[in-house]
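Visitor: There's a structure below that I have some questions on.
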Amino acid sequence: MYQLNLGELSLADFMQQYWQKQPLLIKQGFKNFQDPLSADELAGLALEDDVESRLVECRDGNWQLETGPFEDFNRYGDKDWTILVQAVDHWHPPAAELIEPFRFIPNWRIDDLMVSFSTPGGGVGPHLDQYDVFIIQGEGKRHWRVGMPDASLKQFCPHPRLLQVTPFTACIDVIMEPGDILYIPPGCPHEGISLENSLNYSVGFRAPAQKDLLTGLADYLLDNDITGKRFSDPQRSLTGNIGAISEQDLDQVQQLLVQLVSDRDKLPLWFGQYITQAKHELDQQEPDPHYQAEEIAEYLEEGSVLARLGGLRCSYYQANESSDIQLFINGTTIVLPAEEQVTAQLLCDSKRIDQQQCLHFTAREERLLLLTDLINQGLWYFEE
Ligand code: SIN
Ligand code: CO
């Protein structure tokens with residue numbers, strides 16, 4: 001278990017003063033930090049087909065980028081390269097624990113845990129990200145510089161798949177040591193150069209762009225065969241300009257679109273499904289054979305503990321205390337009766353359902369059946 005130590009700063013102060021506003025260095029944010037994985041384990045993940053990884057190397061000012069899966073790392077020498085592995089929380093339960101201290105931000109805003117291993121001189125160069133990130137220093141030391149957003153900075157590509165930014169003025173300039181944490185809001189230029197072999201853990205957030213929302217909504221309409229209203233114009237009068245698209249026509253098209261997206265009642269179902277879809281492969285393994293509900297009840301009553309599959313996205317929506325709960329798990333919806341708030345919270349709020357909490361599920365048959373189904377899909381599992 002990792003515990004975030006903000007010193008004098010409360011979480012409420014952090015949200016008010018820093019979140020999405022300015023970068024913050026949290027010295028020893030994790031006291032006595034122990035790496036949840038080794039560089040060798042990370043390298044092992046980068047050999048896997050299902051795992052997204054890339055290697056960035058800079059030799060004499062010449063940037064190179066290769067994407068995984070890799071066969072081995074023998075040819076890269078002992079300096080000036082970094083390997084970055086995406087969604088490590090999906091594959092490595094101890095590493096996934098690093099996300100938990102940041103769950104003061106809603107689940108749906110959390111993206112994944114990216115882990116990088118860098119040799120001395122290694123880094124991805126100065127750049128901007130579109131998302132908030134907490135970068136945790138693991139083993140080794142790394143020199144980090146972070147600046148404030150600056151419209152005069154220019155982005156450029158020293159390699160077709162590497163976006164960097166022109167030199168910036170740093171407001172944080174620090175040599176990070178194990179357990180130190182950097183919070184970087186979107187748009188703040190930053191650069192980390194490794195001083196020795198080092199591991200960095202990035203808890204990244206997501207913030208959908210209008211384009212993504214619209215595309216997601218369009219997919220939802222297609223999948224559910226929702227046509228919506230069609231353009232109609234019984235009020236049209238005769239025109240001589242048949243080649244022209246009139247202002248009036250455009251107003252009506254705009255109105256049709258606005259009507260579609262302003263149906264607030266339909267929003268939760270679509271958004272909940274959309275935002276809980278997995279972006280990266282999940283390590284989902286169905287138990288074979290499937291469990292019977294009675295077996296699960298027995299294990300739970302004997303004191304077994306359940307863990308949620310790494311990277312599984314879960315959220316819920318309840319319009320008011322007396323309305324049904326829409327529980328969104330991995331892009332699907334389960335409707336629960338209004339009084340099942342605790343069930344939704346136990347599934348969504350934490351990665352683990354402890355011994356005491358498990359008994360909540362054995363107390364009612366419907367809950368036990370729900371849990372049995374989730375376990376049989378490989379979405380929750382008995383922790384050893
Ligand atoms: C890294 O870990 O090397 C890159 C992290 C970042 O800059 O977002
Ligand atoms: Co970055």
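Visitor: Using helices alone, what [θ] at 222 nm do you get for the chain, with -39,500 (n - 2.57) per DSSP H run of 4 or more residues, divided over all residues and rounded to the nearest 500?
Guide: Helix contribution divided over all residues of the chain: -7000 deg cm²/dmol.
Visitor: Is there a quick way to get the dipole size of the range 137-178? I mean about its Cα centre, with the Cβ of Lys and Arg at +1 and of Asp and Glu at -1; what is the value in debye to the nearest 20?
Guide: Its charge dipole is roughly 180 debye.
Visitor: Compute the length gained on full extension between LYS31 and ASN241: take 0.36 nm times their separation in residues and subtract their Cα-Cα distance, giving the result in nm to one decimal.
Guide: 68.3 nm
Visitor: Report the gain in length on full extension from GLN22 to GLU66: 0.36 nm times residue separation, minus Cα-Cα distance, nm rounded to one decimal.
Guide: Gain in length upon complete extension: 12.6 nm.
Visitor: Also, I was wondering about something else. Rounded, prolate or oblate for the range 296-371? Axes are the square roots of the Cα gyration tensor eigenvalues, ordered a ≥ b ≥ c, and the cut-off for rounded is a/c under 1.5.
Guide: oblate
Visitor: For MET148 and ALA338, FRET efficiency with R0 = 45 Å and r from the beta-carbon atoms, rounded to 0.05?
Guide: 0.45
Visitor: To the nearest 0.05, how large is the calculated FRET efficiency for ALA43 and ASN320 if R₀ is 35 Å and r is the Cβ-Cβ distance?
Guide: Given R0 = 35 Å and the Cβ-Cβ separation, E is 0.10.
Visitor: Determine one quarter of the surface area of the Cα convex hull of the range 63-150, which equals its mean projected area, and express it in nm² to one decimal.
Guide: Mean projected area of the Cα convex hull: 7.6 nm².
Visitor: Provide Rg and Dmax in Å for the range 129-204, with only Cα atoms included in the calculation.
Guide: 12.6, 35
Visitor: Any cysteines in the chain with zero other Cys Cβ atoms under 4.7 Å from their Cβ? List them, or say none.
Guide: By the Cβ distance rule, which asks for a partner under 4.7 Å, the isolated cysteines are CYS58, CYS157, CYS171, CYS188, CYS358.
Visitor: Which order do the peptides 265-271, 227-233 come out in when sorted by mean C-beta neighbours inside 10 angstrom, highest first?
Guide: 265-271, 227-233
Visitor: Within the range 104-121, which residues have the backbone N less than 19 Å from the label spot 7 Å out from GLN345 along Cα→beta-carbon, could you tell me?
Guide: 104-108
Visitor: Quick one: accessible area per residue over the range 1-108, 1.4 Å probe, rounded to a whole number of Å²?
Guide: With all protein chains present, the range 1-108 gives 54 Å² per residue.
Visitor: Which of GLN326, VAL342, VAL146 sits farthest toward the positive end of the charge dipole of the chain, with +1 on the Cβ of Lys and Arg and -1 on the Cβ of Asp and Glu?
Guide: Most positive-ward Cα: VAL146.
Visitor: Tell me the trypsin sites (Lys or Arg not before Pro) within the range 123-164 that lie in a loop according to DSSP and have at most 12 other beta-carbon atoms within 10 Å.
Guide: LYS154, ARG161
Visitor: With only Lys, Arg, Asp and Glu charged, each at its Cβ (+1 for the first two, -1 for the last two), find how big the charge dipole of the chain is about the Cα centre; round to the nearest 20 debye.
Guide: The dipole magnitude comes to about 1720 debye.
Visitor: Please compute the Kirkwood hydrodynamic radius of the chain from all pairs of different C-alpha atoms, in Å with one decimal.
Guide: 23.7 Å
Visitor: For MET114, MET15, what's the largest-to-smallest order of accessible area, 1.4 Å probe?
Guide: MET15, MET114
Visitor: Follow-up. Beyond 23 Å, what share of the Cα-Cα pairs of the range 74-212 remains, rounded to the nearest whole percent?
Guide: Percentage above 23 Å: 35.
Visitor: Under 28 Å Cα-Cα from LYS141, which lysines qualify once same-chain neighbours fewer than 8 residues away are excluded?
Guide: LYS21, LYS27, LYS31, LYS79
Visitor: Loop-only trypsin sites (Lys or Arg not before Pro) in the range 69-135, please: DSSP not H, G, I, E or B, and at most 16 other Cβ atoms within 10 Å.
Guide: Those that pass, being in a loop and sparsely packed, are LYS79, ARG103.
Visitor: Okay, next question. Given a Förster distance of 45 Å, report the FRET efficiency between VAL305 and CYS171 from their Cβ-Cβ distance, rounded to the nearest 0.05.
Guide: Result of the calculation: an efficiency of 0.55.
Visitor: Of PRO93, GLN17, GLY192, whose Cα points farthest to the positive end of the dipole of the chain (charges on the beta-carbon: +1 Lys, Arg; -1 Asp, Glu; origin at the Cα centre)?
Guide: GLN17
Visitor: Now, a different point. Given a 1.4 angstrom probe, I'd like the percentage of the accessible area of the chain that is carbon and sulfur, rounded to a whole number.
Guide: C and S fraction of accessible area: 49 percent.
Visitor: Using a Gaussian network model of the chain whose springs link C-alpha atoms within less than 10 Å, name the residue from GLU66, GLU286, GLU302 with the highest mean-square fluctuation.
Guide: Comparing GLU66, GLU286, GLU302 in a Gaussian network model of the chain, the most mobile one is GLU302.
Visitor: Right, something else. Could you let me know the centre-to-centre spacing of the range 297-320 and the range 340-364, using Cα atoms, in angstrom?
Guide: Cα centroid of the range 297-320 versus Cα centroid of the range 340-364: 6 Å apart.
Visitor: Pick out, from PRO268, TYR291, SER237, the residue whose Cα sits farthest towards the positive end of the charge dipole of the range 220-316, with +1 on the Cβ of Lys and Arg and -1 on the Cβ of Asp and Glu.
Guide: Going by the charge dipole, the pick is SER237.
Visitor: Between GLN292 and GLN210, what is 0.36 nm times their sequence separation minus the Cα-Cα distance? Round to one decimal in nm.
Guide: 25.1 nm
Visitor: Now for a separate question. Kindly provide the chymotrypsin sites (Phe, Trp or Tyr not before Pro) of the range 27-111 that DSSP labels as loop, not H, G, I, E or B, and whose Cβ sees at most 14 other Cβ atoms within 10 Å.
Guide: The qualifying sites are PHE104.
Visitor: Let me ask you something else. If you take every residue apart from LEU346 with its C-beta less than 12 Å away from the C-beta of LEU346, what net charge results, scoring Lys and Arg +1 and Asp and Glu -1?
Guide: Around LEU346, the surrounding residues sum to +1.
The values are calculated or read from the model by the stated rules, or taken from the named source; none is laboratory data. Keep in mind that what you see is a predicted model, and the values were worked out from it rather than measured. With ideal geometry, Cβ positions are generated from the backbone for all residues, glycine too; neighbour counts draw on all protein chains shown. Accessible surface areas use protein heavy atoms only, side chains included; no ligands, DNA or RNA. Shrake-Rupley method; radii C 1.70, N 1.55, O 1.52, S 1.80 Å.
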